Amino acid sequence: MTLQERVDRIVHLLDSKKAEEIEVFDLGNVDYIAKQVIIANSLGGKHTQALFDNMKEELKPLGESFYGSDESDEWIVADLGEIIVHLMTPNYRQRYSLEEFLEELRAAKNSQK
């Protein structure tokens, strides 16, 4: 399975479980810990954990490896090797502005070309 197919499968799964504002950042040309980053809003604390639990239940049997995670009710980070998934409540997502960081990272690499 290609990296893009894996990303598409994760995005579809999150969308089917009511995650909101799902964004994918392609960082394949950037010196970063992952090639793809997925950020999605949960509807609240329990939904954050439910999204993560569902990802593990659905994706592990399909061969996806979960190398580590950092979990709280507001923000869960899942390391799937070439893919990092951030599940966040809207307040945390707004507070930490990961999109800005990832866009700056990508823009800095593009300006070096």
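The values are calculated or read from the model by the stated rules, or taken from the named source; none is laboratory data. Fair warning: this is a prediction, and the values are worked out from it, not measured in the lab. Here Cβ is always computed from backbone atoms with ideal geometry, including for glycine, and neighbour counts include all displayed protein chains.
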- Among the residues of the range 68-113, how many are free of Cβ contacts under 8 Å to residues at least 60 places away in the same chain, assigned to a loop (DSSP other than H, G, I, E, B) and over 21 Å from residue 50 (Cβ atoms)? 4
- Out of all the residues in the range 52-67, which are in contact (Cβ under 8 Å) with a residue 24 or more places away in the chain and not in a helix (DSSP H, G or I)? 63, 64
- Query: Can you name the number of the only condition in (1) in contact with a Phe, Trp or Tyr (Cβ under 8 Å, 6 or more places away or on another chain); (2) surrounded by fewer than 16 Cβ atoms within 10 Å (Cβ to Cβ) that residue 101 fails?
  - Reply: (1)
- Which condition number does residue 69 fail, the rest of (1) touching a Gly at 6+ places or on another chain (Cβ under 6 Å); (2) closer than 22 Å to residue 32 by Cα being met? (1)
- What tally of residues in the range 21-55 results from selecting those that are modelled with pLDDT of 95 or more, of a type in the set (S, T, N, Q) and surrounded by fewer than 18 Cβ atoms within 10 Å (Cβ to Cβ)? 2
- Message: Condition first: within 15 Å of the chain's Cα centre (by Cα) and at pLDDT below 95. Can you find one or more residues in the range 103-113 that meet it?
- Response: yes
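Quick check: anything in the range 71-93 touching a Pro at 6+ places or on another chain (Cβ under 7 Å) and polar (S, T, N, Q)? Even if it seems obvious, please write down each step before you answer.
Quick first cut of the range 71-93, residues touching a Pro at 6+ places or on another chain (Cβ under 7 Å) only: none.
There is no residue in the range 71-93 that is touching a Pro at 6+ places or on another chain (Cβ under 7 Å) and polar (S, T, N, Q).
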- Among the residues of the range 5-17, how many are surrounded by 13 or more Cβ atoms within 10 Å (Cβ to Cβ) and either farther than 19 Å from residue 71 by Cβ or of a type in the set (Lys, Arg) (or both)? 6
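From the residues in the range 1-51 that are assigned to a helix (DSSP H, G or I) and acidic (Asp, Glu), which one is nearest to residue 97 (Cα to Cα)?
Filtering the range 1-51 down to residues assigned to a helix (DSSP H, G or I) leaves 3-16, 45-51.
Cutting the leftovers down to acidic (Asp, Glu) gives us 5, 8, 15.
On the way: 5: 26, 8: 23, 15: 21 Å.
Filtering the range 1-51 for residues that are assigned to a helix (DSSP H, G or I) and acidic (Asp, Glu), the one nearest to residue 97 (Cα to Cα) comes out as 15.
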